[in-house]
Each structure stands twice: as C-alpha cells, then as structure tokens.
Amino acid sequence: MEFYLAQANIARFKAALDDPIMKEFVDFIEPINKLAEESPGFVWRLKDEEGRSASYIVSPFQDEMMAINISTWEDIPSFKEFVYGTVHAYFLRSKKKWFDPKGPSQFVMWWMPKGELPTLALAKEKLTELEKNGDGPKAFSMKCLYNADGLAINQ
C-alpha cells in the first residue's frame with residue numbers, strides 16, 4: 001500500500017479576517033496556497049465550498065476565529081521544502097502578527113493511504129492524539145518524524 005503525508009495545523013486569529021491587522025496575512029493566503037499547489041510533491045489541500053482557503057471554514061473546534069489548514073504531500077522532504085524553503089517561511093516566522101499567542105497553535109502530521117483524503121474530524125483526532133501521547137507513528141511533529149512504516153526517522 002502507498003501512503004501520502006497528511007498535515008494539519010490550527011491557530012486562533014488575533015482578529016477577524018477583515019480587520020486591518022490581518023491584511024498582510026489575508027493578501028497572501030491565495031498566493032501562498034497557489035505556491036503550495038505548484039510545489040513539487042503537493043497532492044491536495046482543504047478548501048471551502050467556493051474553492052477558497054480553509055481559513056474561511058468554521059472548524060470542528062466551534063470557534064469561527066480558529067484557522068485550520070490541512071494538506072497532503074507525497075513525502076516529508078517535499079513538505080519541508082515548501083514550509084521552510086519558500087516565502088511560506090516568512091509567514092511561519094511572522095505568525096505572532098496574526099495569531100493569538102495564548103490561543104491553541106498546534107501542528108500534526110500522519111500518513112494516509114493514497115487515494116484517501118483527511119477530514120476535519122480526522123485532523124482534530126490527530127491533533128488530540130499528538131497532544132495526549134506525544135510523537136508517535138499515528139501522529140507526529142517535526143520534532144520526531146516517522147515514515148509510513150511507523151518507524152522513527154533519525155534527524
């Protein structure tokens with residue numbers, strides 16, 4: 001069986017997306033998503049019914065200020081290159097401008113059988129798994145990566 005890397009991240013916005021402090025973030029949502037979609041190794045990302053960023057979806061956390069992002073990638077190196085090796089890295093480093101530092105900010109990865117798509121409910125389940133049990137083959141972070149066979153990858 002073949003697998004894709006799935007990732008989900010959540011954070012709580014400091015303000016509504018139409019607030020002036022969110023302008024830079026909002027202005028770059030679509031260009032960054034387009035960059036992801038054109039990146040080597042990209043497979044799929046969660047979108048709202050209108051094809052916009054998942055930031056416009058009310059998440060399963062029952063909080064309209066909660067941003068959620070879910071995507072799948074062919075492998076860890078492709079995902080890491082997009083996250084850290086493109087302009088996306090600026091937005092990661094600058095997240096305190098737009099996201100509440102006291103709110104939840106969580107990130108999780110896991111392996112999904114090729115052909116299946118992660119759901120909001122599954123993302124929430126994986127975030128909870130990582131929070132409760134720490135890194136493991138079912139849910140992990142960049143701190144301790146696992147391959148699709150469930151083996152830890154030395155970094």
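Observations on the model:
- Considering residues of segment 114-155 that are polar (S, T, N, Q) and over 16 Å from the mean Cα position of the chain (by Cα) only, the residue surrounded by the most Cβ atoms within 10 Å (Cβ to Cβ): ASN147
- Any hit, segment 91-103, residues being free of Cβ contacts under 8 Å to residues at least 40 places away in the same chain and over 23 Å from ARG12 (Cα atoms): no
- Index of the failed condition, SER53 passing every other in (1) surrounded by 19 or more Cβ atoms within 10 Å (Cβ to Cβ); (2) in contact (Cβ under 8 Å) with a residue 40 or more places away in the chain; (3) within 29 Å of ALA148 (Cα to Cα): (2)
- Taking the criterion of being at pLDDT 90 or above, of a type in the set (Gly, Ala, Ser) and touching a helix residue (DSSP H, G or I) at 6+ places or on another chain (Cβ under 9 Å), the residues of segment 100-144 that qualify are GLY136, ALA139, SER141.
- Residues satisfying the stated conditions in segment 13-33, i.e. free of Cβ contacts under 8 Å to residues at least 40 places away in the same chain, basic (Lys, Arg) and within 19 Å of ILE68 (Cβ to Cβ): none
- Residue match in segment 73-96 (condition: among the aromatic types (Phe, Trp, Tyr), touching an Asp or Glu at 6+ places or on another chain (Cβ under 7 Å) and assigned to a helix (DSSP H, G or I)): no
- Scope segment 3-46; condition assigned to a strand (DSSP E or B) and among the aromatic types (Phe, Trp, Tyr); matching residues: PHE3, TYR4, PHE13, PHE42, TRP44
- A count restricted to segment 1-14 and to residues that are surrounded by fewer than 15 Cβ atoms within 10 Å (Cβ to Cβ) and at pLDDT 90 or above stands at 1.
- GLY85 being at pLDDT 90 or above and farther than 21 Å from TRP111 by Cα: yes
- Taking the listed residues ASP75, ASP48, the one that is closer than 22 Å to THR119 by Cβ and at pLDDT below 95 is ASP48, with no other qualifying.
- The single condition among (1) closer than 22 Å to SER53 by Cβ; (2) assigned to a helix (DSSP H, G or I); (3) out of contact with any Phe, Trp or Tyr (no Cβ under 9 Å at 6 or more places or on another chain) that LEU122 does not meet is (3).
- VAL43 satisfies every condition listed in (1) crowded, with 16+ Cβ neighbours inside 10 Å; (2) hydrophobic (A, V, I, L, M, F, W, C); (3) more than 28 Å from ASP135 (Cβ to Cβ) except (3).
- Matching residues, segment 108-125, being among the basic types (Lys, Arg) and within 16 Å of PHE3 (Cα to Cα): LYS114
The values are calculated or read from the model by the stated rules, or taken from the named source; none is laboratory data. Treat the numbers as computed from the prediction; the structure is a model and nothing was measured. So basically every Cβ, Gly included, is an ideal-geometry build from the backbone, and we count neighbours across all protein chains shown.
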